[in-house]
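Student: A single structure is presented below for examination.
The values are calculated or read from the model by the stated rules, or taken from the named source; none is laboratory data. Keep in mind the model is a prediction, meaning the values are calculated, not measured. When we count neighbours, we look across all protein chains shown, and the Cβ atoms used for this are built from the backbone with ideal geometry, even at glycine. SASA here: full protein model, heavy atoms, side chains in, ligands and nucleic acids out. Shrake-Rupley method; radii C 1.70, N 1.55, O 1.52, S 1.80 Å.
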Amino acid sequence: MPTESELREGLRKRRTIFPDVTVDQPVTLPAVDAEFRTARRNRADIGIANHVLSVFLEPRNPFEPKRARKPKMEAVVFGTLLVLVVVAVLAFNLAAARPY
């Protein structure tokens, strides 16, 4: 069994670490890629969309994964204020006197 320093040196010089070990079925890059993509598709809890949704929605209940998530209180307050500002701007601009 090689020591840690021998392993590091072998990795640094790209030498075979265990030359006496033979593999019946070598792993190819397409096989690893296919496995990675399959594992990624099976993980619905990761990804940029879920990260963005987690900013606005409560955390998912691990015991009820199919249940819809409720919006966070901060998201509701911010959304309400944003809608009120948009309504106020539109109301004042539509109600303004028009120059003839």
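Student: I need to check one value: relative contact order of the chain, counting alpha carbon pairs closer than 8 Å and at least 6 residues apart, in percent. Display every interim value, and only then the final one.
Tutor: Values: 20 pairs, mean separation 12.2, N = 100.
So the answer I get is 12 percent.
Student: What does the highest-first list of 34-47, 16-29, 71-84 look like by mean Cβ count within 10 Å?
Tutor: Details: 34-47: 9.6, 16-29: 7.4, 71-84: 11.3.
Ranking the peptides 34-47, 16-29, 71-84 by packing returns 71-84, 34-47, 16-29.
Student: Tell me the Kirkwood radius of the chain: reciprocal of the mean inverse pair distance over distinct alpha-carbon atoms, in Å.
Tutor: Numbers: mean 1/r = 0.0487 Å⁻¹.
Result for the chain stands at 20.5 Å.
Student: Determine the per residue accessible area of the chain with all protein chains present and a 1.4 angstrom probe, expressed in square angstrom.
Tutor: Working: 9790 Å² over 100 residues.
Solvent-accessible surface per residue comes out at 98 Å².
Student: Considering only protein heavy atoms and a 1.4 Å probe, what is the carbon-and-sulfur percentage of the accessible area of the chain? Don't skip to the end; give the middle numbers.
Tutor: On the way: 6390 of 9790 Å².
Taking all protein chains in place, the chain shows 65 percent carbon and sulfur surface.
Student: Still on this model: What is the spread of the Cα atoms of the range 1-47 along each of their three principal axes, largest first, in whole Å?
Tutor: The principal-axis extents, from largest down, are 41, 26, 18 Å.
Student: Tell me the mean residue ellipticity at 222 nm calculated for the chain from its helices only (DSSP H runs of n ≥ 4, each -39500 (n - 2.57), averaged over every residue, nearest 500).
Tutor: Helix-only estimate at 222 nm: -17500 deg cm²/dmol.
Student: With θ set to phi - 60°, apply the Karplus curve 6.51 cos²θ - 1.76 cosθ + 1.60 along the range 57-67 and write out the HN-Hα couplings as whole Hz, x wherever there is a Gly or Pro.
Tutor: After applying 6.51 cos²θ - 1.76 cosθ + 1.60, I find 10, 5, x, 6, 7, x, 8, 9, x, 8, 6 Hz.
Student: Now a separate question. Expressed as an acute angle from 0 to 90° and rounded to the nearest 10, what is the orientation of the C-alpha long axis of helix 73-95 relative to the principal long axis of the chain?
Tutor: Orientation of helix 73-95: about 40 degrees from the principal axis.
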